[in-house]
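Read the structure below first, then the notes.
The values are calculated or read from the model by the stated rules, or taken from the named source; none is laboratory data. Please read these numbers as outputs of a predicted model, since none were measured by experiment. A quick note on method: Cβ atoms are made from the backbone with ideal geometry, for glycine too, and the neighbour counts reach across all protein chains shown. Surface areas here come from the heavy atoms of the whole protein model, side chains and all, with no ligands, DNA or RNA. Shrake-Rupley method; radii C 1.70, N 1.55, O 1.52, S 1.80 Å.
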Amino acid sequence: MAPAAASGGSSLPSGFSVFSTFPDLLFVFEFVFGGLVWILIASSHVPIPLIQGWVMFVSVFCFVATTTLLILYIIGAHGGETSWITLDTTYHCIAALFYLSASVLEALATIYMQDGFTYKYYHENISAVVFSYVATLLYVVHAVFSLIRWKSS
């Protein structure tokens with residue numbers, strides 16, 4: 001099965017070609033925007049600990065998992081196996097769903113902060129919502145193109 005995937009152009013890249021192929025190039029942007037969400041949530045005031053705890057979990061989990069996958073792809077740990085395409089697709093679908101739920105909940109927490117909280121914390125949370133939705137969009141796009149790659153493998 002590995003030669004068919006490699007000859008069909010639907011295999012995962014390895015080495016630094018990860019940074020020149022789409023959708024794998026999105027790893028870098030997912031890393032950056034996920035890190036921004038993590039930083040903003042960690043530095044802001046927490047009006048609803050349960051909601052923002054979920055947002056923090058999602059941002060840290062996806063940051064670590066994206067970094068791990070990126071490093072594994074760079075060192076070529078997948079070895080051209082088609083099972084890694086399934087792993088990539090599954091991860092990005094789950095990450096997109098997690099980030100969508102976290103974005104909606106962070107927006108809800110920010111709406112609750114509108115009155116009675118300092119200007120700085122409110123705007124930090126607005127920034128976290130924006131970056132969270134950008135990260136959601138990146139994960140959704142990556143998941144869609146990973147599904148297309150998975151279907152053609």
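Solvent-accessible surface (1.4 Å probe) assigned to residue 74 amounts to roughly 50 Å².
Quick one: with all protein chains in place, what share of the accessible area of the chain is carbon or sulfur, to the nearest percent (1.4 Å probe)? It is 76 percent, rounded to a whole number. Across region 24-31, rounded Karplus estimates of 3J(HN,Hα) from the backbone phi angles (6.51 cos²θ - 1.76 cosθ + 1.60, θ = phi - 60°) give 5, 4, 5, 3, 5, 5, 4, 4 Hz, Gly and Pro being marked x.
Can you give the calculated 222 nm mean residue ellipticity of the chain, where each DSSP H run of n ≥ 4 adds -39,500 (n - 2.57) and the sum is split over every residue, rounded to the nearest 500 deg cm²/dmol? Don't skip to the answer; put the middle values down first.
Working: 5 runs with 114 residues, N = 153.
The helix contribution divided over the chain gives -26000 deg cm²/dmol.
Taking the C-alpha atoms only, the angle from helix 83-112 to the longest principal axis of the chain is near 10 degrees.
Based on the Stokes-Einstein relation at 20 °C and a viscosity of 1.002 mPa s, and on the Kirkwood radius from alpha carbon pairs, the chain is assigned a translational diffusion coefficient of 133 µm²/s.
With 0.36 nm allotted per residue and the present C-alpha distance subtracted, the residue 147-residue 60 stretch has 28.9 nm of extension available. For residue 68 and residue 86, the difference between the fully extended length at 0.36 nm per residue and the C-alpha to C-alpha distance is 4.9 nm.
In the context of the full set of protein chains, region 32-104 has a per residue accessible area of 44 Å² (1.4 Å probe).
In this structure residue 86 has an accessible area near 60 Å², from a 1.4 Å probe over the protein heavy atoms. A straight line joining the Cα centroids of region 102-153 and region 56-86 runs 21 Å. Figure note: 119, 99, 112 ranked by solvent-accessible area, largest first, 1.4 Å probe, ligands and nucleic acids not counted: 119, 112, 99. Distance between the pseudo-spin-label points of residue 17 and residue 75 (7 Å out from Cα toward the beta carbon): 2.0 nm.
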